[in-house]
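Take a look at the structure set out below.
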Amino acid sequence: MGERVHAARDECQHVRDGFGRSIEYLRISVTDRCNFRCVYCMPERGLDWIPRDDILTASEIHDVVSQLAPLGLSRIRITGGEPTLRRDVCDVISRINSVDGVTDIALSTNGVRLEAMASELRSAGVARVNISVDSLRPDRIAAIARRDLKLDPVRVIRAAIDAGFAPVKINTVVVRGVNDDEVAAIARLTLDFPVHVRFIELMPVGDMSDSGLDHIVPSEEVLALASDALGTLVADIGPALGNGPARYYRAPGAAGTIGVITPMTHTYCASCNRVRLTANGHLRTCLFGDHEVDLRTPLRVGQPLAPLVAQALEDKPREHSLLQLRTGGLRALSQTGG
Ligand code: SAM
Ligand code: SF4
């Protein structure tokens, strides 16, 4: 990546950061609460929740998006914590959907409430969903989530497809010794369903910040496991409107694709196109590190946000520091809107 350049708009009216990267994708965490306690994401107990008064209201989220969309932050992902736990999540989404310039709204979910809420979410404006599926085995799902909520991932996937979400993506964090023996079974979902399974390399944060490095399964290994089971994988352009860092492949005759997301073995920071809004209204320009600007306080006193955002983008780091960090202290993704 080149030298720092002054934050500017590109020809598509997306703001550029200090390294010239076009920033168009805003991930909004609408809650830090979750009905799961995934081993790689949240501690089982003892997490400090954001005080209720600090959580942005639906109207405040609308106001932030209204001020950021004109900068070219036009693609939105609703995430958390578990976004479907927020009681007014559909109101939040329909308000975002009403903002001029917003072109796409996606949602990340663990799937527990998706079946029940699918049509309401579609009507509010969610076009696409990412569903986290770390296992197809009920006992293992409960063990990874540290909650037994009787989740049936295949049923949730069917419901998402039937509700008209497109594309439907599946996120699987591969953890050595925990679910790496299910790579083939999860990849096989792409034979029958037009879904895009993305295997994510474990990032050693939160409770796993110390032990996590031993549990990372490099994407090359995952792709080899998938091709041993499904046949030679061919590179594929992947789902339309892909905003992200996944590389996609297709198994012979498959309806869907297999992707890998490689934060640990191949960083994709050079093409990073995103920023994150935390549930308490802080703009994070990098998933890891302290690059965070409070937008809630200025928003609540009526100060314009655009100059603060422009400065934050100017200061967006060149790359994440995860590989250099070997000890705890990094915030879990549930807190940053991973
Ligand atoms: N609760 C929703 C879900 O699980 O999809 C949305 C929030 S969750 C933080 C977003 C994504 O981050 C999920 O796909 C999850 O698997 C992933 N994630 C969380 N912690 C991770 C870690 N330590 N390494 C890699 N991915 C992680
Ligand atoms: Fe909750 Fe998602 Fe984190 Fe699992 S990954 S604990 S479902 S926020």
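Please work out which residue is farthest from R33 (Cα to Cα), limiting yourself to the range 102-146 and to residues that are among the charged types (D, E, K, R) and open to solvent by less than 80 Å² (accessible area, probe 1.4 Å).
D104
I'd like to check something: does the range 25-43 contain any residue that is of a type in the set (A, V, I, L, M, F, W, C), more than 16 Å from ligand 2 (Cβ to nearest atom) and under 23 Å from P304 (Cα atoms)?
Among the residues of the range 25-43, at least one is of a type in the set (A, V, I, L, M, F, W, C), more than 16 Å from ligand 2 (Cβ to nearest atom) and under 23 Å from P304 (Cα atoms), which makes the answer yes.
So, P252, is that one free of Cβ contacts under 8 Å to residues at least 60 places away in the same chain and either open to solvent by 10 Å² or more (accessible area, probe 1.4 Å) or within 13 Å of ligand 1 (Cβ to nearest atom) (or both) or not?
Criteria met by P252.
Give me the strands (runs of 3 or more DSSP E) completely within the range 114-216, filtered to those with at least 2 residues that are more than 12 Å from ligand 1 (Cβ to nearest atom), ordered by residue number.
195-201
Just the residues that are surrounded by fewer than 17 Cβ atoms within 10 Å (Cβ to Cβ) and away from ligand 1 (no atom under 16 Å from the Cβ), please, taken from the range 20-74.
G20, R45, G46, D48, P51, R52, D53, D54, T57, S59, P70
For the condition open to solvent by less than 20 Å² (accessible area, probe 1.4 Å), of a type in the set (D, E) and more than 25 Å from R77 (Cα to Cα), what is the one hit in E220, E182?
So the residue among E220, E182 that is open to solvent by less than 20 Å² (accessible area, probe 1.4 Å), of a type in the set (D, E) and more than 25 Å from R77 (Cα to Cα) is E182.
What is the one condition in (1) at pLDDT below 90; (2) within 14 Å of ligand 1 (Cβ to nearest atom); (3) open to solvent by 20 Å² or more (accessible area, probe 1.4 Å); (4) under 16 Å from L73 (Cβ atoms) that G337 does not satisfy?
(3)
The values are calculated or read from the model by the stated rules, or taken from the named source; none is laboratory data. Keep in mind that what you see is a predicted model, and the values were worked out from it rather than measured. Cβ coordinates were reconstructed from backbone atoms using ideal geometry, including for glycine residues, and neighbour counts include every protein chain displayed. The area values use the complete protein model at the heavy-atom level, side chains included, leaving out ligands, DNA and RNA. Shrake-Rupley method; radii C 1.70, N 1.55, O 1.52, S 1.80 Å.
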